[in-house]
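Notes to accompany the following structure.
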Amino acid sequence: MILRLLVLFFFLCLISTPIFSGTTGKLSGSVKDAQTGEPIPGVNIIFEGNNYGAATDMDGYYLINNLPPGAYTVNFSAIGFTRKSFTNVKIAVDFTTKLDVQLTTQTIELQTIVVEAESPLIRKDLTSSQVVVDAGQIASLPVESINQLLTLQAGIVQGAGGELHIRGGRSTEIQYTVNGVSISNPFDNTKTVNIATNAIQELSVVSGTFNAEYGNALSGIVNTVTKEGGSQYRGKISAYSGDYLSTHKDIFYNIDDINPINKSVFEGTVSGPIPFFESRVVSFFVSGRLEQSRGYLYGIREHTIYDSVYRNPLNPNDIKISKTGDGSTVPMNPSRELSTTAKLTVKPFKAVKINYDVLYSKSNYKFYNHDYKYNPDATYN
């Protein structure tokens, strides 16, 4: 009975993934003889550093499914032909990367031929306007959040309140997904989780016509694929800090002096194999992001919630208000957000991979209200 339940559980895990937006890509193409142009059957296609691979059929064609996004080195080898290696072969989510190869007949022992793969100028399988940013590009960009990364893309702007707009649409018309699962707030369709930038394997933005797999969106789709754990333990910590500065004291009180830790962001990731399991079978990836800010709008604690108002019954214009505040400066629009993600990758068989994802986010913030500038403790969070 227990064995049947386990089989049913894994079967449900396998059939449940196609109902969400994609998290993997494909590699396909053909292998032919460079001299005769005839297809070569039985050519081995091997990805360096992992267990992905395939062999060409009788017509020289091959197709490799369920490839995580990223850049790979792919080797082509067959008996009687020179081995060929392609570097920087990029796999994108929901795309089929085409790689056609010609092998030359091996007459003498030669070294491996290394070819740098190039992205085509026009993708024939692309039916919508889509931009893909991989982990290597993110690491080279001066950004500290997904919103900053998105505003660098064409057609995306950020409003005065920090909200994003794609092609002039409303901020609530964007669908956000992480590893194919929606993270949009069902109440207002806003993003509920901020992923650490060093935890992103690939970020894709679809701003044109959408495929049938997407829904609940009018302006665009933002799909984030997080990294997976590997066979070695790795970790990374990053921190950013800054401050708001203005000389307009009549509008922005108390921000004419620099406080380098007024706004801070901390990000960290750790990954590797699970102890007591084979490194290629079970691995984990955990990331966390903490962003906190005192804001840029301040009040003065002249009054407290316990102060009273005295009106002279004999003279209505004689009004006295008690002041029990300490006169200290109080931030009126502070914020604090904590987001964490965890991914457990299980590979029970060579052709089967199961991912378990956990997302957590908690936000605390306060909106500025000018009516309470001198009684800041009376506002609500």
task: Just give me the residues in region 254-289 being in contact (Cβ under 8 Å) with a residue 60 or more places away in the chain and under 30 Å from GLY327 (Cα atoms), in sequence order.
output: ASN254, VAL265
- prompt: Of all the strands (runs of 3 or more DSSP E) wholly in region 24-130, which have at least 1 residues that are within 29 Å of GLY230 (Cα to Cα) and modelled with pLDDT of 90 or more?
  reply: 25-33, 44-47, 53-55, 61-67, 70-77, 84-91, 96-98
query: Considering region 154-182 alone, what residues qualify as being in contact with a Leu (Cβ under 7 Å, 6 or more places away or on another chain) and crowded, with 21+ Cβ neighbours inside 10 Å?
result: ILE156, LEU164, ILE174, VAL178
- request: Quick one: in region 268-303, of everything that is touching a Lys or Arg at 6+ places or on another chain (Cβ under 9 Å) and among the polar types (S, T, N, Q), which residue is surrounded by the fewest Cβ atoms within 10 Å (Cβ to Cβ)?
  value: GLN292
field: Qualifying position, being modelled with pLDDT under 85, surrounded by 10 or more Cβ atoms within 10 Å (Cβ to Cβ) and on the phi < 0 side of the Ramachandran plot, among THR379, THR340
entry: THR379
- request: May I ask you to list the residues in region 335-350 that are more than 19 Å from THR224 (Cβ to Cβ) and in contact (Cβ under 8 Å) with a residue 24 or more places away in the chain?
  value: SER335, ARG336, VAL346, LYS347, PRO348, LYS350
- request: Considering only region 343-376, state which residues are in a strand (DSSP E or B) and loosely packed, with under 12 Cβ neighbours inside 10 Å.
  value: PRO348, PHE349, TYR356, VAL358, TYR360, LYS362, ASN364
statement: Taking region 54-87 and keeping only residues that are of a type in the set (Gly, Ala, Ser), over 25 Å from VAL178 (Cβ atoms) and exposed (fewer than 15 other Cβ atoms within 10 Å of the Cβ), one is left with ALA55, GLY80
- request: Only strands (runs of 3 or more DSSP E) wholly contained in region 227-313 count here; list those with 3 or more residues that are not β-branched (Val, Ile, Thr).
  value: 234-242, 263-273, 282-293
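The values are calculated or read from the model by the stated rules, or taken from the named source; none is laboratory data. Being a predicted model, the structure only gives us computed values, none of them experimental. Cβ: placed from backbone, ideal geometry, glycine included. Neighbour counts: every protein chain shown.
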